[in-house]
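Have a look at the structure below before the remarks.
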Amino acid sequence: MRTKLVIANWKMNLDISESVQLAKKLKLSFLKKLWQDQVVICPDFLSLSSVYQALNKTKIRLGAQNCFWQEVGAYTGEISPKNLKQVKADFVILGHSERRYYFKEKNEEIALKVDLALKTNIKPIVCVGEALTDHQKGRTLSTLKKQVKQSLQGIKLKSKDKIVLAYEPVWAIGNGKNLDPKEVVKILSFLKAEIAKVFSSTKAENNFSFIYGGSVSAENVKDFAKFKEIQGLLVGSSSLKLRNFSKICNDFLS
Ligand code: PEP
């Protein structure tokens with residue numbers, strides 16, 4: 001997957017009407033932009049349908065922020081990928097560090113979700129990243145290696161399947177302390193090599209894209225855009241303001 005992506009993770013920051021308002025503004029701002037279909041908006045579950053309608057006649061894509069690992073059944077409170085597909089989500093963020101931290105999501109559970117998302121024809125955006133203590137103690141690569149291996153355990157990739165692997169150092173999220181893009185390039189190349197070991201180098205090349213998230217902003221986006229190895233950006237805080245997000249998309253995708 002070569003096309004660059006910019007993915008907006010709105011988390012639980014906006015209510016339904018705020019989400020619709022922002023989607024309408026994005027629609028106007030991105031009118032005639034050739035890279036529209038390289039932008040993915042991930043609102044909360046309840047806003048997905050309304051945001052889809054607000055973005056009508058654009059090519060902007062829709063993603064969810066999580067899903068369950070079973071398609072149907074007695075799982076009170078969970079959301080099936082089948083329903084995400086019905087509300088037109090093409091992507092789903094899985095294993096975000098906030099879900100790993102607050103909801104104690106484990107790699108094994110994430111692997112089941114990745115598997116079902118792929119079977120439902122939804123592209124998983126699988127998040128991996130080390131916590132501050134692992135970073136400080138030099139355990140970044142070993143942490144990532146384990147996360148990648150276990151979060152993709154048992155996945156049988158078909159040639160049409162696409163997975164977005166997002167490297168998001170936990171200590172760089174939401175605080176303005178982004179990782180130096182040169183270091184990002186090194187980590188993404190490490191991740192690609194790990195994926196090649198788990199699957200094959202052909203699959204690492206054809207079925208995966210490797211992206212970064214963590215305090216990407218309108219101010220620093222050009223530094224990331226310089227590196228072709230950074231195939232996409234996952235953007236949290238800076239995706240909530242039209243001006244900032246438009247600049248990030250323009251600078252990274254144009
Ligand atoms: C995120 O939480 O996925 C993220 C990248 O957040 P931020 O851009 O705010 O660091």
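Key figures for this structure:
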| quantity | calculated |
| --- | --- |
| Per-peptide average of other Cβ atoms within 10 Å, ordering 201-207, 245-251 highest first | 245-251, 201-207 |
| Choice from Lys119, Lys106, Lys160 with maximal GNM fluctuation in the chain (Cα, 10 Å cutoff) | Lys160 |
| Chain lengthening between Lys27 and Asn206 when straightened (0.36 nm per residue, less Cα-Cα) | 61.4 nm |
| C-alpha center-to-center spacing [the range 29-44, the range 51-100] in angstrom | 17 |
| Extension reserve of the Arg243-Asn121 stretch, reckoned as 0.36 nm per residue once the Cα distance is removed | 40.7 nm |
| Of Ile79, Ile125, Ile163, the one that fluctuates the most in a GNM where the chain has Cα springs shorter than 10 Å | Ile79 |
| Percent accessible area from carbon and sulfur atoms, the chain, protein chains only, probe 1.4 Å | 53 |
| Estimated FRET transfer efficiency (Ala193, Phe103; beta-carbon r; R0 41 Å; 0.05) | 0.85 |
| Residue-averaged 222 nm ellipticity for the chain, from DSSP H runs of 4+ at -39500 (n - 2.57), nearest 500 | -12000 deg cm²/dmol |
| List Arg139, Arg61, ordered by accessible area with a 1.4 Å probe, largest first | Arg139, Arg61 |
| Extended-chain gain in nm, criterion 0.36 nm per residue less alpha-carbon gap, Asp37 and Lys82 | 14.0 nm |
| Volume per residue of the C-alpha convex hull in the chain, rounded to whole Å³ | 118 |
| Modelled label reach - Lys57, point 7 Å along Cα→Cβ, the range 15-35 residues with backbone N closer than 12 Å | 28, 31-32 |
| The chain - accessible surface per residue (Å², probe 1.4 Å) | 49 |
| Spacing of the two label points (7 Å from each Cα toward its C-beta) at Lys222 and Ser50, in nm | 3.7 |
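The values are calculated or read from the model by the stated rules, or taken from the named source; none is laboratory data. Nothing here was measured: the structure is a model prediction, and the numbers come from that model. Glycine gets a Cβ as well: all are built from the backbone with ideal geometry, and neighbour counts include every protein chain shown. Just so you know, the surface numbers come from the protein's heavy atoms only, side chains and all, with ligands and any DNA or RNA stripped out. Shrake-Rupley method; radii C 1.70, N 1.55, O 1.52, S 1.80 Å.
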